[in-house]
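J.: Here it is: the structure, laid out below.
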Amino acid sequence: MKALVAVYEDWGIGRDGTQPLVIPADRKFFREITGSSPIIVGRRTLEDFPGGRPLKNRPNIVLTRQDIEIEGAIVVHSVEEALEAVRDWGDDVFVVGGESVFNAMLGYYKRAYVTKIAANPVSDVFFPNLDQDPEWKCTDPGRELEHEGIKYRFCIYDRV
C-alpha cells in the first residue's frame, strides 16, 4: 500500500475541504501513478474530487464514520474493512486522503509519493512530516520543477 499526497512547506495538505494551491502537473502525476489502482479516500476528500464523485475506472474505497451509500464506491467504516476491500490488490493500492484517513492508514503503507510544494498557504489539515519520522527515508528527492513561479518536486519516501 502507498500514500499519495501533495504537501506544502509545513506539511499542510488543505483548508476548508480543498487544496488552496494546486499544481496541474501534480494532478497529472496522480492520474498517471494511480492508473486503475484502487484508492482509499475519506468522504470529505471525495467531495473535492471532480463533481464530488468517485474516480472512474478504479475501485474507490471511501472510509467514513457516516452510514451512507455512495454510487460508484465501496463505503467502509473501519481500517479493517478498508484492508479487506483491497486485499486482492496487494501493494497496488493508494491512500489519497484526507488527514484522518492518512493517519489511520499510516501503519500500512510502505511507500509515500509526496509532491512537495514550496509554498505555505494556510492549512487546517496536515500529513505527517516524514522528514521528522525515523521510520521513513526520502529515497528520491525528485528534481526541482516550477509552475507559475512556484517550485515543487515529486519525492518518494520509503519505510525503513
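Quick note: the coordinates plus some simple rules give every number you see, no bench work behind them. The structure displayed is predicted, hence computed values, not measured ones. Positions of Cβ are backbone-derived with ideal geometry, glycine not excepted, and every protein chain shown enters the neighbour counts.
J.: Could you work out the Kirkwood radius for the stretch 35-105, taking every pair of different alpha carbons, averaging 1/r and inverting it, reported in Å?
T.: Numbers: mean 1/r = 0.0839 Å⁻¹.
One decimal place: 11.9 Å for the Kirkwood radius.
J.: I've got another one for you. How much length is gained on full extension from SER100 to ASP158, taking 0.36 nm per residue of separation minus their Cα-Cα distance? Walk me through the numbers before you get to the answer.
T.: Numbers: separation 58, 0.36 × 58 = 20.88 nm, distance 2.05 nm.
Once the chain is fully extended between SER100 and ASP158, it gains 18.8 nm.
J.: Shifting gears a bit: So what's the projected area for the chain, the Cα convex hull averaged over all directions, in nm²?
T.: 9.0
J.: I would also like to ask the following. Quick one: if you stick a label point 7 Å off each Cα along the C-beta vector at GLN132 and ILE70, how many nm between them?
T.: With each label placed 7 Å out from Cα toward Cβ, I get 2.9 nm.
J.: Hey, what angle do you get for helix 24-34 against the long axis of the chain, alpha-carbon based, 0 to 90 degrees rounded to 10?
T.: The two axes meet at around 50 degrees.
J.: What distance in nm separates the two pseudo spin-label positions at THR139 and GLU80, each 7 Å out from Cα along the beta-carbon direction?
T.: In this crude label model, THR139 to GLU80 measures out at 3.1 nm.
J.: Now, a different point. Using every alpha carbon pair in the stretch 79-160, what percent of pairs falls into each 5 Å bin from 0 up to the bin containing the largest distance?
T.: Percent of Cα pairs in each bin: 3, 12, 21, 23, 20, 13, 6, 3, 0.
J.: Also, quick follow-up: Find the relative contact order for the chain and round it to a whole percent, using C-alpha pairs within less than 8 Å whose residues are 6+ positions apart. All intermediate terms of the calculation are to be shown ahead of the outcome.
T.: On the way: 305 pairs, mean separation 51.8, N = 160.
So the answer I get is 32 percent.
J.: Calculated FRET efficiency, GLU146 and ARG15, Cβ-Cβ r, R0 25 Å, to nearest 0.05?
T.: On the way: r = 23 Å, r/R0 = 0.91.
E between GLU146 and ARG15, to the nearest 0.05, is 0.65.
J.: Gain in length, LYS110 to LYS56, computed as 0.36 nm per residue apart minus the alpha-carbon separation, to one decimal in nm?
T.: Details: separation 54, 0.36 × 54 = 19.44 nm, distance 2.52 nm.
Net length gain for the segment: 16.9 nm.
J.: Related question: Could you please rank THR139, THR64, placing first whichever residue has the fewest other Cβ atoms within 10 Å of its Cβ? Could you put the intermediate results ahead of the total?
T.: Details: THR139 11, THR64 18.
With the sparsest Cβ surroundings first, the list reads THR139, THR64.
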